[in-house]
Amino acid sequence: MSLQEKVHQLFEDEFGETPAFIVRAPGRVNLIGEHTDYNDGFVFPMAIDRATWIALRPREDNKVFAISADLEDKQDFLLDNLVRPEKTRWIDYLIGTAWALQERGHKLSGWEGVVTGNVPIGAGLSSSASLEIATARAFHMVSEFEWDAAAMAKAGQSVENDWLGLKSGIMDQMISASGVENRALMIDCRSLDTITAPLPPETVIVIMDTGTRHTLVDSKYNERREQCEAAAEYFGVEKLRDVDIETFESRADGLDDLIRRRGRHVVYENDRVLKARDAMNAGDAKLMGQLMIQSHVSMRDDFEISSIALDTMVDCANVEDTCYGARMTGGGFAGCAVALVKADAVDEFVENVTQCYTSKTEHTPQVYISQASNGAETVYPQ
Ligand code: GLA
C-alpha cells in the first residue's frame, strides 16, 4: 500500500468519510553545498521520494486537530492561542507553521486530519522541513492565501529560527517546497533563485543511512553559525558568501585556527557548488564525484561535522570503482551520506557498501537508490 493509500485509509477510518485533500511535502538529500545556506551561499539538493503526507478536511472553527499515525498521538490547538513549546514535540511543527504564516499576515482556517510519512527522523534528510512545508500546504488548501514556494520556505525556516530556536538556513524548506521530479536544484540562498539540473547520464543517487541519529546537535549547529559570523566579521562582509577564494587566502592568516578552518570550508564549498553546477550541466559525473569527495574532506577536517560512522560509510562507498564520489549530507554529526553511482552497477554497489559498513561498525545501515521527486503538492483530488 502506498503512503497515499495509507493516509487516505487512515483518514476514512478516523473521520468516516473521504478526505477533502491529500498533500505531501518531501524530504531532501543535499548533493553538495553544506552549511553554506546561512552564509547566503549556494546549495545543490534534490527532493527525495520520501515525504510527509497529510489527509485533511476543513473545519468550521479555528481549531487544528491532527493525528500522527506514526507516533500514535492526537493533538489539537487553536489558531488564536498558539503556545510556544518548552520541549519540541511533533505538533509544535504544526503550531509553529501556523504561527509563522499568521506572522506573515495570512488568515488561516482550521482543519483536521491524519499525518504520516517515511522521512527518517534525525537522519539528515529534513523530516522537520517536510513536516513544516506539508503543514503549510494543508493550510493553503483550507485558507485563502496563495502558494508561493519561496515565501512558504521562509515561513518554514522561521518555524525553526523563531519558534523552535534552531538557527538553520533556508535550504531544506526551499527544496521541500520547490523540488522538481528527476532534477536536482541549485539554490542561491541570497536571492532564492533556483536552477534545475538532471543527474549526469547513467548515474543514480544512493542514500547511505549510517543508522546513527543526531541528538542534541542544535547547540553544535548554532555554534558553527556563530563561527561563520565571526569569520565574516573579520573580512568585513555581511556573509561569507561575499568572500572569494583569493580574498580568503590573502587574509586568512590573521584569523585564529578554528575560525579560519570554519571559514575555509564555507568559502571553498561555495566554489565547489558553482563547479558542481557546471559539472552537472556538462553531464560530467567524474568531476561531480570529485567535488563531492573534496566536500566531505572539508566537512570532516575543517568544519568538523562528520562522525566515525559517516566517515566509515563514505570510505566504504569511495573504494568502489562504480562510485564517482560520496560525502556526508545534511547538518552532520550522524545520519546519512550520499553517493553518485553508475546506474548499471548499483545493485552490487549497495551490497558491497552494506557489507563493508556492517563489518566495520556496530550499526545497521540502510542503503538505497533515491529518485528526485516534486516539491510540495496536492495529490488528491487531482
Ligand atoms: C541543516 C539545516 C540547513 C543546512 C544544513 C547544512 O539541514 O536545516 O539549513 O544548514 O543543515 O547544510
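The values are calculated or read from the model by the stated rules, or taken from the named source; none is laboratory data. Note that this is a predicted model, so its numbers are computed, not measured. Counting neighbours? That spans all protein chains shown, and the Cβs are built from the backbone with ideal geometry, glycine included. The accessibility values were calculated without ligands, DNA or RNA, using every heavy atom of the protein model including side chains. Shrake-Rupley method; radii C 1.70, N 1.55, O 1.52, S 1.80 Å.
Just one of the listed residues (T88, T116) is over 18 Å from D172 (Cα atoms), within 16 Å of the ligand (Cβ to nearest atom) and of a type in the set (S, T, N, Q), namely T88.
If you go through segment 89-104 one residue at a time, do you hit one that is part of a strand (DSSP E or B) and either surrounded by fewer than 14 Cβ atoms within 10 Å (Cβ to Cβ) or free of Cβ contacts under 8 Å to residues at least 60 places away in the same chain (or both)? No, there is no match, as no residue in segment 89-104 is part of a strand (DSSP E or B) and either surrounded by fewer than 14 Cβ atoms within 10 Å (Cβ to Cβ) or free of Cβ contacts under 8 Å to residues at least 60 places away in the same chain (or both). Looking at segment 27-42, is at least one residue open to solvent by less than 40 Å² (accessible area, probe 1.4 Å), among the aromatic types (F, W, Y) and closer than 18 Å to K154 by Cα? Checked segment 27-42: at least one residue is open to solvent by less than 40 Å² (accessible area, probe 1.4 Å), among the aromatic types (F, W, Y) and closer than 18 Å to K154 by Cα. Looking at segment 294-325, which of its residues are in contact with a strand residue (DSSP E or B) (Cβ under 9 Å, 6 or more places away or on another chain), within 16 Å of the ligand (Cβ to nearest atom) and not in a helix (DSSP H, G or I)? Of everything in segment 294-325, those that are in contact with a strand residue (DSSP E or B) (Cβ under 9 Å, 6 or more places away or on another chain), within 16 Å of the ligand (Cβ to nearest atom) and not in a helix (DSSP H, G or I) turn out to be I305, S306, S307. For A150, are the conditions met, namely being farther than 25 Å from I245 by Cα and either assigned to a loop (DSSP other than H, G, I, E, B) or not basic (K, R) (or both)? So A150 passes the test.
Residues in segment 155-184 that are out of contact with any Lys or Arg (no Cβ under 8 Å at 6 or more places or on another chain) and free of Cβ contacts under 8 Å to residues at least 24 places away in the same chain: Q157 alone. If you go through segment 128-152 and keep only what is surrounded by fewer than 24 Cβ atoms within 10 Å (Cβ to Cβ) and at pLDDT 95 or above, you end up with H140, M141, V142, S143, F145, E146, W147, D148, A149, A150, A151.
If you go through segment 153-169 and keep only what is open to solvent by 10 Å² or more (accessible area, probe 1.4 Å), within 10 Å of the ligand (Cβ to nearest atom) and in a loop (DSSP other than H, G, I, E, B), you end up with L166, K167, S168. Quick one: would you say V64 is within 16 Å of the ligand (Cβ to nearest atom), touching a helix residue (DSSP H, G or I) at 6+ places or on another chain (Cβ under 9 Å) and open to solvent by less than 60 Å² (accessible area, probe 1.4 Å)? Taking the combined requirement at face value, the residue does not satisfy it. For beta carbons closer than 8 Å, sequence separation of 6+ or different chains, a first residue in segment 219-234 that is outside the structural domain of G332 (by TED's automatic domain parsing) and a second that is modelled with pLDDT of 95 or more and within 13 Å of the ligand (Cβ to nearest atom), there are no qualifying pairs. For segment 178-271, please list each of the strands (runs of 3 or more DSSP E) lying entirely inside it that holds at least 2 residues being closer than 30 Å to E362 by Cβ and open to solvent by less than 40 Å² (accessible area, probe 1.4 Å). Hits in segment 178-271: 203-209. Could you check segment 329-382 and list, in sequence order, the residues that are crowded, with 24+ Cβ neighbours inside 10 Å and of a type in the set (S, T, N, Q)? Selection gives T329 alone.
In summary, V23 fulfils each of the numbered conditions (1) assigned to a helix (DSSP H, G or I); (2) in contact with an Asp or Glu (Cβ under 9 Å, 6 or more places away or on another chain) with the single exception of condition (1). Considering only segment 5-26, I want to know if a residue exists there that is open to solvent by less than 30 Å² (accessible area, probe 1.4 Å) and within 16 Å of the ligand (Cβ to nearest atom). So far as segment 5-26 goes, yes, one or more of its residues are open to solvent by less than 30 Å² (accessible area, probe 1.4 Å) and within 16 Å of the ligand (Cβ to nearest atom).
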